[in-house]
Amino acid sequence: MIKNISVIGSGTMGNGIAHTFAQFGYSVNLIDINQEALDKALQTITKNLDRQIGKGTLTEEQKVETLKHIITSTSVEAGVKHADLVVEAATENLDLKLKIFKDLDSFAPADAILASNTSSISITQIAAVTNRGDKIIGMHFMNPVPVMKLVEVIRGYQTSDETTKTIMSLSESLHKTPVEVNDYPGFVANRILMPMINEAIYTLYEGVAGVYEIDTVMKLGMAHPMGPLQLADFIGLDVCLAILKVLHDGFGNPKYAPCPLLVNMVAAGKKGAKTGEGFYTYTSGSKDLIVANKFKKS
């Protein structure tokens, strides 16, 4: 039975995953090598819990109880030694994830399930660096984790039926809707979403229409709650670029080649809402956009 959850990485996805498990009564150890990042994560979780209280979906007592369920650690070895499940939510970088999973395989209990929140990297490839391929699985949460209902559950080549069943059931205990998919580049969500975002960027790059116009067409014409360029900003343009590279490398198909405008923006440090500027400019410390930007091909 899964009771103790360790979450690797305290960024946007990591703190959201920790928040969600803790809210539903699981004991969570949030792990990051940077204590300052952990402190910031706890502040974010507290702010998001307050937002839930403001919306009437959580009580003050539930907030206090949720925070009691979270402890933090700067040591992976110490942080996972009692884990029933470890969820890795580090940067979308293959080499980093492989190193983390090698360490987790050494430090976590032999019967612990090791899950990755990766949005595109092969679960089979991750499992290959461990000695527990049957217990390696993808658990791809959507952002913001406490709000979004989907969990994309990715079966690697060696992932067992038992592990898959456990993670599907666990996701349901979080009031999420798990969807089982197989391990191919981008899985389902990003295999479909990223080419659409990339095409929207190409539409801007080629001068067909502006940022506001492209997003308005998709919102009002296709009933999307958020336009693809704003969504790219929200995801992070560096993350979008990394996923497109995985798709391009994995399939060898030029249709997945990242738009040059996206490549240049990431190189220039304009990575979306988290840096204050992407396809839109954002108010300081907020994801509230204030203006759609104009772009040239250069």
Fill in the blank from the handout: Along region 134-151, Karplus-curve 3J(HN,Hα) (6.51, -1.76, 1.60; θ = phi - 60°) to the nearest Hz, with x for Gly and Pro, reads 5, 10, 9, 8, x, 10, 8, 7, 9, 9, x, 4, x, 9, 6, 8, 7, 10
Handout entry: Per-residue ³J(HN,Hα) for region 102-109, Karplus 6.51 cos²θ - 1.76 cosθ + 1.60, θ = phi - 60°, Hz, x for Gly and Pro
Key = 4, 5, 4, 4, 7, 9, 7, x
Completion exercise
Residues 266, 86, 64, 179 in order from fewest to most other beta-carbon atoms within 10 Å are 64, 179, 266, 86
Problem - Taking 259, 240 and counting other C-beta atoms within 10 Å, the order from fewest to most - result: 259, 240
Problem - Total lysine pairs whose alpha carbons fall under 27 Å of each other in region 43-149 (8 or more apart, or interchain) - result: 20
Completion exercise
Around residue 265 (Cβ within 11 Å, Cβ-to-Cβ, excluding residue 265; K/R +1, D/E -1) the net charge comes to -1
Completion exercise
Going from the fewest other Cβ atoms within 10 Å to the most, one would list 19, 69, 140 as 69, 140, 19
Handout entry: Positive-pole candidate from 153, 235, 178, dipole of the chain, charges at beta carbon
Key = 235
Practice task
Compare the Cα positions of 17, 109, 167 along the charge dipole of region 4-182 (+1 at Cβ of Lys, Arg; -1 at Cβ of Asp, Glu; about the Cα centre) and return the one farthest towards the positive end.
Solution key: 17
Fill in the blank from the handout: Calc'd 3J(HN,Hα), region 50-65, phi into Karplus 6.51 cos²θ - 1.76 cosθ + 1.60 (θ = phi - 60°), Hz, glycine/Pro = x, comes to 4, 5, 5, 4, x, 8, x, 9, 8, 9, 4, 5, 5, 4, 4, 5
Handout entry: Relative contact order of the chain, pairs being alpha-carbon contacts under 8 Å that are 6 or more residues apart, as %
Key = 12
Completion exercise
Taking 0.36 nm per residue of separation between residue 184 and residue 82 and subtracting their Cα-Cα distance, the length gained on full extension comes to 33.6 nm
Handout entry: the chain: antiparallel DSSP beta bridges as a percent of all, rounded to 5
Key = 30
Exercise for the section: Report the net charge of residues surrounding residue 196, where surrounding means a beta-carbon distance below 14 angstrom and charges are Lys +1, Arg +1, Asp -1, Glu -1. Expected result: +1
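With a ≥ b ≥ c taken as the square roots of the eigenvalues of the C-alpha gyration tensor of region 190-292, please select rounded if a/c is under 1.5 and otherwise prolate if a/b is larger than b/c or oblate if it is not?
oblate
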Problem - Gap separating the Cα centres of region 21-87 and region 95-129, nearest whole Å - result: 21
Fill in the blank from the handout: Dividing the helical contributions, -39500 (n - 2.57) per DSSP H run of n ≥ 4, by the residues of the chain yields a 222 nm value, nearest 500 deg cm²/dmol, of -13500 deg cm²/dmol
Handout entry: trypsin sites (Lys or Arg not before Pro) restricted to region 129-160 and DSSP loop, no more than 16 other C-beta within 10 Å
Key = 149
Practice task
About the Cα centre of the chain, how large is the charge dipole given +1 on each Lys and Arg Cβ and -1 on each Asp and Glu Cβ? Please answer in debye to the nearest 20.
Solution key: 520
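Taken together, the values in this text are just the output of simple stated rules run on the coordinates, not laboratory data. Being a predicted model, the structure only gives us computed values, none of them experimental. Neighbour counts run over all protein chains shown; Cβ positions are idealised from the backbone, glycine included.
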